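What follows is a set of notes on a single structure, which appears directly below.
The numbers here are math on the coordinates, done by the rules we state, and not lab data. Since this is a predicted model, take the numbers as computed values, not measurements. Every residue, glycine among them, receives a Cβ derived from its backbone with ideal geometry; neighbour counts consider all protein chains shown.
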Amino acid sequence: MLEVYIDAASAGNPGPSGIGLFIKGEGHHLQISEYIGQTNNHLAEFTALLRGLEEAQKLGSTFVSVRSDSKIVVASMEKEYVKNEEFKPYLEKALTLAASFDLFFIKWIPEAQNKAADALARQAIHNQHK
């Protein structure tokens with residue numbers, strides 16, 4: 001099983017944003033920190049989800065468990081629905097990616113359990129401002 005911890009950070013809402021991915025399992029241990037430009041926090045969280053699923057696909061995993069401290073991302077994936085039109089393309093792409101795995105789970109975790117991904121997301125913003 002591949003465990004994919006995702007998080008996003010925005011300096012302002014909207015503002016400069018970054019995503020962080022911490023991926024472990026199946027012999028992998030990846031840390032990804034990426035600046036994604038100006039956006040709001042929710043879109044940044046959906047971007048982190050998409051990036052995490054894309055990375056899991058690249059690694060060839062068939063059993064993926066995503067962990068996120070974003071309630072909107074987790075609830076949207078579980079319900080396969082999002083009210084905000086702006087988020088719909090992100091959700092549709094995420095559901096398509098998730099369906100490519102034999103087993104896919106997403107779970108909400110408290111921020112305290114997502115420190116590695118959070119640090120990577122904040123680092124992306126910090127490094128962009130250097």
Assuming ARG51 fulfils every condition listed in (1) touching a residue at least 24 places away in the same chain (Cβ under 8 Å); (2) closer than 21 Å to GLU3 by Cα; (3) assigned to a strand (DSSP E or B) apart from one, which condition is it?
(3)
Residue satisfying condition, being surrounded by fewer than 19 Cβ atoms within 10 Å (Cβ to Cβ) and closer than 13 Å to ASN114 by Cβ, within set LYS71, LYS79, LYS83
LYS71
What's the number of the only condition in (1) within 13 Å of the chain's Cα centre (by Cα); (2) surrounded by 17 or more Cβ atoms within 10 Å (Cβ to Cβ); (3) of a type outside the set (Lys, Arg); (4) under 19 Å from LEU2 (Cα atoms) that SER61 fails to meet?
(1)
ALA56 being among the aliphatic types (A, V, I, L, M) and buried (at least 20 other Cβ atoms within 10 Å of the Cβ):
yes
Being out of contact with any helix residue (DSSP H, G or I) (no Cβ under 8 Å at 6 or more places or on another chain) and within 15 Å of ALA8 (Cβ to Cβ) is the filter here, so list the residues in segment 102-126 that pass it.
ILE109, ASN114, LYS115, ALA116, ALA119, LEU120, ARG122, GLN123, ALA124, ILE125, HIS126
Segment 93-130 - residue that is of a type in the set (Asp, Glu) and surrounded by fewer than 15 Cβ atoms within 10 Å (Cβ to Cβ) and, of those, farthest from PHE63 (Cα to Cα)
GLU111
Please tell me if SER70 is more than 16 Å from LEU21 (Cβ to Cβ) and among the small types (Gly, Ala, Ser).
no
